[in-house]
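Below are the structure tokens for one structure; questions will follow.
The values are calculated or read from the model by the stated rules, or taken from the named source; none is laboratory data. Because the structure is a prediction, the values reported are computed rather than measured. All Cβ positions, glycine included, derive from the backbone under ideal geometry; neighbour counts span all protein chains shown. Accessible surface is based on the protein model in full, side chains and every heavy atom, while ligands, DNA and RNA are left aside. Shrake-Rupley method; radii C 1.70, N 1.55, O 1.52, S 1.80 Å.
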Amino acid sequence: MPEFCDVALPVPLDMVFTYRVAAEATPVVGGRVLVPFRQQRMTGIVVELHDRKPAVKIKTILSILDVSPVLDEQLLRLGRWIADYYLAPLGDVFRTMLPLNAEFKRAIAYRIAEEGVLALHLAGMAGSSARSRRTPEEQAAEFRVLDYLAAQEPAPGEALQVREETLRSATGVSKLILSGMVRKKWLVREDVSAVRDATRTVKIAILKSAEGKLNDNQRKLVETLAASGGRVPVATLRALEVPRATLGTLAKRGLVEIIEEPATFTVSRSNPRPFEFDFNKAQQSALNCLRKAVEAHKFTGILLHGVTGSGKTAVYLAGMRAVLEAGRSAILLVPEIGLTPAVAADLHQIFGDEVAILHSALSDKERAQQWHRIKSGEARMVVGTRSAVFAPVADLALIIVDEEHDSSYKQEETPRYHARDIAVVRAKMANAVVVLGSATPSLESYFNARKSKYALVELPDRVEQRPLPEVEIIDMRQEFQETGQEQIISRKLAEEIKERFERKEQVMILLNRRGYSPVVLCRTCGKTLECRDCAISLTLHKREHKMVCHYCGFTAPVPKSCSHCGSEYVYFLGTGSEKLEELLHGMFPQARIARLDRDTVRGHEDFERTLNALSEGQLDLLVGTQMIAKGHDIHGVTLVGVVGADSALGLPDFRAAERTFQLLTQVAGRAGRGKSPGKVLLQTFFQDHYAVQYAARHDFAGFYEKELRFRSWMHYPPYSALANVLIRSAKLEEALQWSGTLGKWFERNRHEGVRVLGPAAAPILRLKRDYRYHFVLKAPSREKLNTTLRAMLAYATQQKIPRTQIIADVDALWLM
């Protein structure tokens, strides 16, 4: 039996840690163990068992959590590849791959030390003079803690420990007080984190008897239970307008019994769609290509480029059905959490309980439940957002990345992986097929397809020969000249909206900026109201009556005067989706209008409810941010208005034109998906920009050729590998010093073909309290880029620059 094991822990260190294996049991490679790390307990993944004795004293693992691997050999290999390619600690990668946080509960406990007992004894003898160095409030708080702990009775055979939350609740003290008492050795702080049962349960009320005298509230509950067959979830009963204690009273009287049962995860959709696949020639050709590739049991990359409304989803589902019929597994990735329930419902309609859903809006217990369904083979069809690419399916045959161009597939925290690229790598490892689908593919994917790295499959027409929507560009500069004032909704757009309402048709309006007003300006001193922790203007949210930072979440009251000079001439400038909704209500008071953005959507239920209302004709107009532009198939929408979507063209980002083209094309694709033809009105101040012109003509190939020319001149992807190295610190001097140190290193150590831009202040200089400076690296190959970045990080460690203060973002999408 091996004596030692190497464990990858979720800490910001590029190393694994060796522990001694306990004599009574041996862990498995790919399984989880609970280990002591510094002053706490952590779960980690075993990556190797061996007999190599370390030169230093080592600790013993506390417990083995898994008797079989939670990460099989293929997923372990994928995790190592991610750690190597994205320069991320292996433990952080494995933590991202495993949504099993619900099975481990972190907990801290305290017990009184001998010095604490002595202090309590001396205080009783000497009175207040023995504690005169501290404030009276601190003295009282400390001795409340000591008195409480001294009065507790330990369980037989156990040392007395009191959980932190219990101790703080009973004594009313802060964490700061407890930390001070630990430093003085009055208390001993212990990590008592442990594995817990993550089974989701639901409380059920069962009606036992309806006899006896009942008051009105009790009768209401009993009648509700009787009408529902005698069994109702407690959560449903609590939604009734009766006091919470009423149900408890019925339970005490024996009229109702409360039991707990395992909760089931349900996927529902109020308007299920029939899926009798009737393919046109292009769709059938695409499906045949997909099936042939799957049957070959070899890696194949396919770029499915189909215009909006061309039936890509039907091809996905038919391909997944073929995979399931062959007894194999498939993963479907979608970019937005809001799309996941709808797609999962479609899959559930076709595949039944073979479908599992994975995304971040689920609770920890729900995610763990879905993960175990996949791992056990109960669910072989998986749908989810970017983390679903790590689903532990067996015999993987197909991975589909819908809207593969979408930036939400890139994770903006460690590990900074791109799910589309991980899907390609995983498919290679599994000899599976990966399908990248989009109406507006990323330049990198389309470039690879043109270079024959992927098979390029085109769907050039909409289903049922429906025409693409007519696009009309409205020059807002001319609108201003003719009206003499700034217009949010142009005269032409207002007229077209009115016509659609008269014809009982539906409208979507896109404004990719949430809130009411994005800028608060003092007309006396000219300064704006900025976030306390970021170099970003606060946005007015009128309905909630507060100012909000959209980057860190900081909030502040709505100002009545300037915080800099005290002037009362404070103006709220610009327009967000909340203000646009208010304006449209004023222009069309009889219309049924709703808004879809992150302020109105708190969970996937809100998202689904709004889209179902639009789909069922209960809404006339939907206004929203880019959430409304992605993948929604609403047949009643015949007009799409785009307000200010070209503002991104002014950002200092080489991908600005590509993002604008993609957003305009995607939102235009929401129009005319039913029997009536669609129309799109693009309001813009940059009507001559090629991104706007090509989007208006639905000309992806033309945009691709022009944008590719600019990329080649400036050595940007896909003609180079790119990384953004960000140096951050809460102290401006440290950020300047560290970035200067690394800048000098880059000058001294020039690597062949690697271009280094910077150091320079990041476009957003301060974010979440950190000052930020960055370098942009461009290299002819990813190997050279990776070598340079590793050498830079090693030098930073020598110079004692904290690893957590350097972000090396490989294949960065966001340079702000």
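Could you check the stretch 767-816 and list, in sequence order, the residues that are of a type in the set (Asp, Glu) and touching a strand residue (DSSP E or B) at 6+ places or on another chain (Cβ under 7 Å)?
Asp770, Asp809, Asp811
If I ask for residues that are farther than 30 Å from Val188 by Cα and aliphatic (A, V, I, L, M), which ones from the stretch 84-118 would you list?
Residues satisfying the conditions are Leu87, Ala88, Leu90, Val93, Met97, Leu98.
Any residue at all in the stretch 241-260 that's open to solvent by 60 Å² or more (accessible area, probe 1.4 Å), under 30 Å from Asn612 (Cβ atoms) and modelled with pLDDT under 80?
Within the stretch 241-260 (the criterion being open to solvent by 60 Å² or more (accessible area, probe 1.4 Å), under 30 Å from Asn612 (Cβ atoms) and modelled with pLDDT under 80), the answer is yes, since at least one residue qualifies.
Please give the strands (runs of 3 or more DSSP E) falling wholly within the stretch 501-544 in which 3 or more residues are without any contact (Cβ under 8 Å) to a residue 60 or more places away in the chain and in contact with a Gly (Cβ under 8 Å, 6 or more places away or on another chain).
Of the strands (runs of 3 or more DSSP E) lying wholly inside the stretch 501-544, those with at least 3 residues that are without any contact (Cβ under 8 Å) to a residue 60 or more places away in the chain and in contact with a Gly (Cβ under 8 Å, 6 or more places away or on another chain) span 539-541.
Let me ask something else about it. Only one residue in His545, His564, His550 is under 25 Å from Arg766 (Cα atoms) and modelled with pLDDT of 90 or more, so which one is that?
The match here is His550.
Within the stretch 775-816, can you find the residues that are out of contact with any Pro (no Cβ under 6 Å at 6 or more places or on another chain) and basic (Lys, Arg)?
Within the stretch 775-816, Lys778, Arg782, Lys784, Arg790, Lys800 qualify.
Checking the conditions here, which among Leu160, Leu98 is modelled with pLDDT of 85 or more and open to solvent by 10 Å² or more (accessible area, probe 1.4 Å)?
Leu98
Counting just the residues of the stretch 419-465 that are under 28 Å from the mean Cα position of the chain (by Cα) and among the β-branched types (Val, Ile, Thr), which one comes out nearest to Lys675 (Cα to Cα)?
Thr440
Considering only residues of the stretch 559-599 that are touching a strand residue (DSSP E or B) at 6+ places or on another chain (Cβ under 9 Å), basic (Lys, Arg) and farther than 15 Å from Leu619 by Cβ, which is surrounded by the fewest Cβ atoms within 10 Å (Cβ to Cβ)?
Lys560
Follow-up. Enumerate the pairs (first residue in the stretch 208-224 and farther than 17 Å from Gly248 by Cβ and in contact (Cβ under 8 Å) with a residue 40 or more places away in the chain; second residue anywhere and of a type in the set (A, V, I, L, M, F, W, C) and open to solvent by 60 Å² or more (accessible area, probe 1.4 Å)) with beta-carbon separation below 9 Å, excluding pairs fewer than 6 apart on the same chain, so at least 6 apart or on different chains.
Qualifying pairs under 9 Å: Ala210/Ala226.
Can you work out which of the residues in the stretch 109-130 that are at pLDDT below 80 and open to solvent by less than 50 Å² (accessible area, probe 1.4 Å) is farthest from the chain's Cα centre (by Cα)?
Step by step, filter the stretch 109-130, then rank; the result is Gly127.
Do you know which residues across the stretch 287-317 are over 30 Å from Asn612 (Cα atoms) and in contact with a helix residue (DSSP H, G or I) (Cβ under 8 Å, 6 or more places away or on another chain)?
Residues satisfying the conditions are Leu290, Arg291, Val294, Phe299, Thr300, Gly301, Ile302, Leu303.
Further question: Is it true that Thr483 is in contact (Cβ under 8 Å) with a residue 24 or more places away in the chain and of a type in the set (Ser, Thr, Tyr)?
It is false that Thr483 is in contact (Cβ under 8 Å) with a residue 24 or more places away in the chain and of a type in the set (Ser, Thr, Tyr).
So, one more: For a quick check of your reading of the model, give me the residue pairs whose first member lies in the stretch 31-48 and is closer than 13 Å to Val11 by Cα and part of a strand (DSSP E or B), whose second is open to solvent by less than 20 Å² (accessible area, probe 1.4 Å) and basic (Lys, Arg), with beta-carbon atoms closer than 6 Å and at least 6 apart or on different chains.
So the pair list comes out empty.
Between a residue in the stretch 418-436 that is small (Gly, Ala, Ser) and any residue that is surrounded by fewer than 20 Cβ atoms within 10 Å (Cβ to Cβ), which pairs come within a Cβ distance under 6 Å, given they are 6 or more apart or on different chains?
Correct list of pairs: Ala427/Phe299.
In addition: I'd like the full set of residues that are closer than 20 Å to Gln411 by Cβ, touching an Asp or Glu at 6+ places or on another chain (Cβ under 9 Å) and in a loop (DSSP other than H, G, I, E, B), limited to the stretch 779-816.
Residues satisfying the conditions are Asp811, Leu813, Trp814, Leu815, Met816.
Tell me, which residue of the stretch 600-621 that is under 24 Å from the mean Cα position of the chain (by Cα) and buried (at least 18 other Cβ atoms within 10 Å of the Cβ) is modelled with the lowest pLDDT?
Residue satisfying both the conditions and the ranking: His604.
Kindly check whether there is at least one residue in the stretch 504-520 that is of a type in the set (A, V, I, L, M), surrounded by fewer than 23 Cβ atoms within 10 Å (Cβ to Cβ) and closer than 27 Å to Ile593 by Cβ.
Yes, that holds for at least one residue.
Under 15 Å from Met97 (Cα atoms) and either in contact (Cβ under 8 Å) with a residue 40 or more places away in the chain or in contact with a helix residue (DSSP H, G or I) (Cβ under 6 Å, 6 or more places away or on another chain) (or both) - does that describe any residue in the stretch 318-328?
Within the stretch 318-328 (the criterion being under 15 Å from Met97 (Cα atoms) and either in contact (Cβ under 8 Å) with a residue 40 or more places away in the chain or in contact with a helix residue (DSSP H, G or I) (Cβ under 6 Å, 6 or more places away or on another chain) (or both)), the answer is no, since none of the residues qualifies.
Is there a residue being touching a strand residue (DSSP E or B) at 6+ places or on another chain (Cβ under 9 Å), among the aromatic types (Phe, Trp, Tyr) and open to solvent by 40 Å² or more (accessible area, probe 1.4 Å) anywhere in the stretch 688-710?
no
Counting just the residues of the stretch 541-558 that are open to solvent by less than 30 Å² (accessible area, probe 1.4 Å) and out of contact with any Ser or Thr (no Cβ under 7 Å at 6 or more places or on another chain), which one comes out nearest to Gln485 (Cα to Cα)?
For the stretch 541-558, the residue satisfying everything is His541.
Sticking with this one: Are any residues in the stretch 34-63 surrounded by 15 or more Cβ atoms within 10 Å (Cβ to Cβ) and over 13 Å from Pro2 (Cβ atoms), and if so, which ones?
Residues satisfying the conditions are Leu34, Val35, Phe37, Arg41, Met42, Thr43, Gly44, Ile45, Leu62, Ser63.
Just give me the residues in the stretch 635-668 being within 25 Å of the chain's Cα centre (by Cα), modelled with pLDDT under 85 and within 28 Å of Glu616 (Cα to Cα), in sequence order.
Ala645
Find the residue count for the stretch 738-770, including only residues that are more than 16 Å from Asn724 (Cα to Cα), open to solvent by 50 Å² or more (accessible area, probe 1.4 Å) and part of a strand (DSSP E or B).
Result for the stretch 738-770: 1.
Tell me, yes or no, whether the stretch 638-648 has at least one residue that is farther than 24 Å from Gln487 by Cβ and outside any helix (DSSP H, G or I).
No.
The conditions are (1) of a type outside the set (A, V, I, L, M, F, W, C); (2) open to solvent by 30 Å² or more (accessible area, probe 1.4 Å); (3) within 17 Å of Ala696 (Cβ to Cβ); (4) out of contact with any Pro (no Cβ under 8 Å at 6 or more places or on another chain), and Ser452 fails exactly one of them. Which is it?
(3)
Write out, first by first residue and then by second, each pair whose Cβ atoms fall under 9 Å of each other, whose residues are 6+ apart or on separate chains, and whose first residue, in the stretch 722-751, is under 14 Å from Ala791 (Cβ atoms) while the second is of a type in the set (D, E, K, R).
Going by the 9 Å Cβ cut-off, the qualifying pairs are Ala723/Lys778; Ala723/Asp809; Ala723/Asp811; Val725/Asp809; His751/Lys784.
What are the residues in the stretch 172-187 that are open to solvent by 10 Å² or more (accessible area, probe 1.4 Å) and assigned to a helix (DSSP H, G or I), if any?
Lys175, Leu176, Ile177, Ser179, Gly180, Val182, Arg183
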